[in-house]
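So the structure is just underneath, and the comments pick up after that.
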Amino acid sequence: MTVYKEIKTDYEVGDIIKGQVTGIEKYGVFVSIDPWYDGLIHISEISQTFVKDINEYVKIGETIYCQILEVDEENLHLKLSIKNINYKASVPTGGIVETRKGFLPLKENLDGWLEEKIKVYKNK
């Protein structure tokens, strides 16, 4: 138990955090957040509509985003929800990788690209 007292967290109710699905039961989804914290998404917090099969929403091993409903620092547990957020939309699936330059290359090159295309169409 003394280990728990040494662990500090910045988790707050309402935060959106990333976690990995580690288990699925009839009543909800278990999510690993970090080496210390885990969480549960109760079946009632999966969708605004009736959930017949949780496996239609998440898969074991999948990385998803969750909203924190409650923080239990004593037991290192989070109550989580995905029903009011787009829990898969922000998770990179490969292909496009964000860089520190962001939109800078677009800003720097857009005028030149447009001029090239205009020339191509004028020469047709």
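The values are calculated or read from the model by the stated rules, or taken from the named source; none is laboratory data. Being a predicted model, the structure only gives us computed values, none of them experimental. Heads up, the Cβs are rebuilt from the backbone with ideal geometry, glycines too, and the neighbour counts pull from every protein chain shown.
Brief remarks on what is shown
- Selection from region 16-27 of residues that are out of contact with any Cys (no Cβ under 9 Å at 6 or more places or on another chain) and surrounded by 12 or more Cβ atoms within 10 Å (Cβ to Cβ): Q20, V21, T22, G23, I24
- Subset of region 60-117 that is assigned to a loop (DSSP other than H, G, I, E, B) and among the polar types (S, T, N, Q) - its residue that is modelled with the highest pLDDT: N75
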